[in-house]
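The values are calculated or read from the model by the stated rules, or taken from the named source; none is laboratory data. It should be emphasised that the depicted structure is a prediction, and the values quoted were computed from it without experimental measurement. Don't worry about glycine lacking a Cβ; one is built from the backbone with ideal geometry, like all the others, and counts go over all protein chains shown. Surface accessibility is based on the protein's heavy atoms, side chains included, excluding ligands, DNA and RNA. Shrake-Rupley method; radii C 1.70, N 1.55, O 1.52, S 1.80 Å.
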Amino acid sequence: MTGRCRLREIVEEGVRCGQFAVDDPAVAAQSVFDATARFHDPAYAAEWQSPAITAEFTTVSDLLLHGLRA
């Protein structure tokens, strides 16, 4: 199973449980995947060594979760 498929399942489950409020879980999952590319795409591996990477990931993930829950 690819990361995109698993992410879609997570968003769909969040919608079913009432944790996420999105109209189209597939679109939301793709958007999350795209927004987090620099944290999972090996093309950005050099950036993963940055001392700020954890804070940057936290900021992006907090923003995404807030949006999914809106």
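Count, please, the residues in the range 27-52 that happen to be assigned to a helix (DSSP H, G or I) and more than 15 Å from the chain's Cα centre (by Cα).
From the range 27-52, those assigned to a helix (DSSP H, G or I) are 27-35, 37-40, 42-49; that's our starting set.
From the residues that got through so far, the ones that are more than 15 Å from the chain's Cα centre (by Cα) too are 42-49.
Of the residues in that region, 8 qualify.
Apart from one condition, Ala55 fits all of (1) hydrophobic (A, V, I, L, M, F, W, C); (2) in a helix (DSSP H, G or I); (3) touching a Gly at 6+ places or on another chain (Cβ under 7 Å); the exception is (3). Scanning the range 1-26 for residues that are assigned to a helix (DSSP H, G or I), within 17 Å of Ser61 (Cα to Cα) and of a type in the set (A, V, I, L, M, F, W, C) yields a total of 3.
Which ones in the range 51-70 are over 19 Å from Ile10 (Cα atoms) and among the acidic types (Asp, Glu)?
Filtering the range 51-70 down to residues over 19 Å from Ile10 (Cα atoms) leaves 51-56, 59.
The one that is over 19 Å from Ile10 (Cα atoms) and among the acidic types (Asp, Glu): Glu56.
The set of residues in the range 50-70 that are closer than 26 Å to Arg16 by Cα and among the hydroxyl-bearing types (Ser, Thr, Tyr) comprises Thr58, Thr59, Ser61.
Does at least one position in the range 46-69 carry a residue that is touching a Leu at 6+ places or on another chain (Cβ under 8 Å) and open to solvent by less than 80 Å² (accessible area, probe 1.4 Å)? No, the range 46-69 has no match at all.
Can you work out which of the residues in the range 19-45 that are acidic (Asp, Glu) and more than 18 Å from Thr2 (Cα to Cα) is surrounded by the most Cβ atoms within 10 Å (Cβ to Cβ)? Reasoning before the result, please.
First, the residues of the range 19-45 that are acidic (Asp, Glu): 23-24, 34, 41.
Narrowing further to those that are more than 18 Å from Thr2 (Cα to Cα): 23-24.
Numbers: Asp23: 7, Asp24: 11.
Residue satisfying both the conditions and the ranking: Asp24.
Does Arg16 satisfy the criteria of being charged (D, E, K, R), surrounded by 11 or more Cβ atoms within 10 Å (Cβ to Cβ) and farther than 14 Å from Leu65 by Cβ?
Details: charged (D, E, K, R): yes; surrounded by 11 or more Cβ atoms within 10 Å (Cβ to Cβ): no; farther than 14 Å from Leu65 by Cβ: yes.
The answer is no for Arg16.
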